[in-house]
1. Only one residue in TYR158, TYR182 is within 25 Å of SER387 (Cβ to Cβ) and either away from ligand 1 (no atom under 16 Å from the Cβ) or in contact (Cβ under 8 Å) with a residue 24 or more places away in the chain (or both), so which one is that?
2. Step by step: first the residues of segment 451-462, then only those that are farther than 14 Å from ARG518 by Cα and part of a helix (DSSP H, G or I), then the one that is most open to solvent (accessible area, probe 1.4 Å). Which residue is that?
3. Between ILE319, ILE312, which is assigned to a helix (DSSP H, G or I) and either open to solvent by 10 Å² or more (accessible area, probe 1.4 Å) or free of Cβ contacts under 8 Å to residues at least 24 places away in the same chain (or both)?
4. Could you tell me which numbered condition SER296 fails, if it satisfies all but one of (1) among the polar types (S, T, N, Q); (2) in contact with a Lys or Arg (Cβ under 8 Å, 6 or more places away or on another chain); (3) more than 30 Å from LYS466 (Cα to Cα)?
5. Which condition does LYS430 not pass, out of (1) open to solvent by less than 50 Å² (accessible area, probe 1.4 Å); (2) within 30 Å of PHE404 (Cα to Cα), if it passes all the others?
6. Go through segment 215-260 and report how many residues are in contact with a Ser or Thr (Cβ under 7 Å, 6 or more places away or on another chain), more than 19 Å from ALA108 (Cα to Cα) and near ligand 1 (Cβ under 9 Å from one of its atoms).
7. Among all residue pairs at least 6 apart or on different chains, which show Cβ distances below 8 Å where the first residue, located in segment 415-429, is in contact (Cβ under 8 Å) with a residue 60 or more places away in the chain and the second is of a type in the set (Val, Ile, Thr) and buried (at least 17 other Cβ atoms within 10 Å of the Cβ)?
8. Just give me the residues in segment 362-387 being within 12 Å of ligand 1 (Cβ to nearest atom) and at pLDDT 95 or above, in sequence order.
Amino acid sequence: MFPFRVMLFALVAASSFTPVCVLQFCTDGDGDCHRHDATASSSRPPNTFTSRWNASASNLGRFRVSCKKLIEAFPIDEGGGNYARSVKNCIFSKSTPTPLKGPLRLAAASKVWLQHQQSPSREIVARTSYLHLSRQEVMEDILDLDVAVTRSDDFLLYASGGRLPPGSAPLAHRYGGHQFGYWAGQLGDGRAHSLGQYTNRKGEVWELQLKGSGKTPYSRSGDGRAVIRSSVREFLGSEAMHFLGVPTSRAASLIVSDEPVMRDQFYDGNVKTERGAVVLRLANSWFRIGSLEILSQSGEIDLLRKLLTFVIAEHFPSIHPDDPDKYLAFYSTVVNETAHLIARWTSVGFAHGVCNTDNFSLLSVTLDYGPFGFVESYSPRFVPNTSDDEGRYAIGAQADAALFNLEKLATALGPVLPGKQQSEARDILKGYVDIYHKRTHRLFKAKLGLLGEEEDDGSLIAFLLKMMEETHSDFTMTFRQLSEVSFQQLLNRNFTQLWALEDLSSHNLFPDWLSMYRLRLLRQPNDGDLERQQRMKNENPRYVLRNWMAQSAISKAEKNDFSEVELLHHILSFPFITQEAAEKAGYAQRPPSWAKRLKVSCSS
Ligand code: AMP
Ligand code: MG
């Protein structure tokens, strides 16, 4: 029997990594970034948008955001201007977006309606509905907007920084962070602007943010822009994660422009001209571990307390503001939820790529999609980010990286915790490993359709992952195909056309594992084959955003053909349901050979 290797990670946080995700900034030919003025507001992009919707765009006129709460809660850096600087004693700086240069095009909006493809019927969606997932389309379910508004010029401007939605007083957030193990000092929103909060008809509060909307006081030597390549990935990646049931920021729209943006994609001196894009993204809060760290590190303890009080009051309603242990209760919740989040990442084969403290949300949602990836040929050493030479953020090391980040959170809270509570915080953190393991174990058991608990379940999972690693079996499709085969097929080892299981079955110990698995399934009383298959199909997606799929959509989007972005968005909105168009596109097939050559770096 193989040792229990599922999601094994060292308890001791690694501390000797070099920061490799350095920003490679290019000269910004633009010079002046303080251009959000009446001219920008009134300038309309040429009518380059071809409508795919016919409904009226009228309800955009009633859309309003508010920055009141954020502005009134904290001292604000009025600074004046987006010039890069070190900022103190504030949580936000006032900062105006720099409009993208037109013509502007809407490349995607959440929700999609394909012209030539039917969505899976309500009946199918209901039958396959997975309990852990409450589906929300951003435009309609979160922003209360008819998706038809996205066809209007007003929307193009609002969603790209060309005009501010009513009520907006745009802000850039000041935060710091530990990057690749080292304190990096002030980071902050260097290319993002918070437009304000929107309270929807369900009473949920969402903070709207533009990413790629120009320089802020936190841009350092960056140009404040994001390119089409990384913006397509963020749009599709975050949407796909939501529909996989993983807590995440959301994306409402993706606007592309013709504005030239220079990027050295692989940091090899080969600077290319790409095009600027802006994602309108949303989260209940964009505060990160780094938001607290910077205050603690710079001795701004009153402000640290203020931010904590705000975050707790707004987002942790079960913690009473007068509770003397409120910061500990907050810490304990973040530890618990972060362990759950990383377990969810592991269970869908997601590697974030840059698990720095500035990219770790205080609400434990997936944030800041950069060089992320879904593991294909399974290996715990899968590193999606080619800039991460040391493999610090390999998929099998993410739980360890989160532990490191949570330690940094405890350190940041140090100044507001009396000595006794500091040691209690350390005790809370000791529980993290166990929470993560238990959660991962439960998720993987569900992936295998196992009910109840048996002593050898952990070994069964570990054994399978080890064989997958040694046979380079595809993570997503191995689990999916195990969900799709009948018990009879498992008995006969009839895996014709099941490419991932064919790979897996080449392992010399596969027959042993299979008989253990079959016997385990047979010990489940009242569990029919169809029930098991359905249950497993609801846990194991058939489609994830593989790099080659994203790349194919990006290449077309760069030529203003957004059909594949739209197709992928649609398919990935129903990842657990077999779809004709996805099958035709080969999304559940063995990845093409050119996929192996794809590299994703921090350059974005
Ligand atoms: P990221 O790796 O995208 O999470 O970014 C890390 C830090 O670098 C954040 O403070 C970003 O705002 C900043 N940053 C990344 N790219 C740019 C850019 N092109 N211009 C300005 N700041 C940037
Ligand atoms: Mg970031």
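1. Details: TYR158 fails: within 25 Å of SER387 (Cβ to Cβ).
Going through TYR158, TYR182 in turn, just one is within 25 Å of SER387 (Cβ to Cβ) and either away from ligand 1 (no atom under 16 Å from the Cβ) or in contact (Cβ under 8 Å) with a residue 24 or more places away in the chain (or both): TYR182.
2. Looking at residues that are farther than 14 Å from ARG518 by Cα and part of a helix (DSSP H, G or I), I get SER459.
3. Numbers: ILE319 fails: assigned to a helix (DSSP H, G or I).
On inspection, the qualifying residue turns out to be ILE312.
4. (2)
5. All conditions pass for LYS430, except number (1).
6. Going through segment 215-260 one residue at a time, the tally reaches 3.
7. Matching pairs, first to second residue: ILE428/VAL335; LEU429/VAL335.
8. Step one: list which residues in segment 362-387 are within 12 Å of ligand 1 (Cβ to nearest atom), which gives 367-372, 385, 387.
Within segment 362-387, LEU367, ASP368, TYR369, GLY370, PRO371, PHE372, ASN385 meet the criteria.
The values are calculated or read from the model by the stated rules, or taken from the named source; none is laboratory data. Keep in mind that what you see is a predicted model, and the values were worked out from it rather than measured. Glycine gets a Cβ as well: all are built from the backbone with ideal geometry, and neighbour counts include every protein chain shown. With ligands, DNA and RNA removed, areas are computed over all heavy atoms of the protein, side chains included. Shrake-Rupley method; radii C 1.70, N 1.55, O 1.52, S 1.80 Å.
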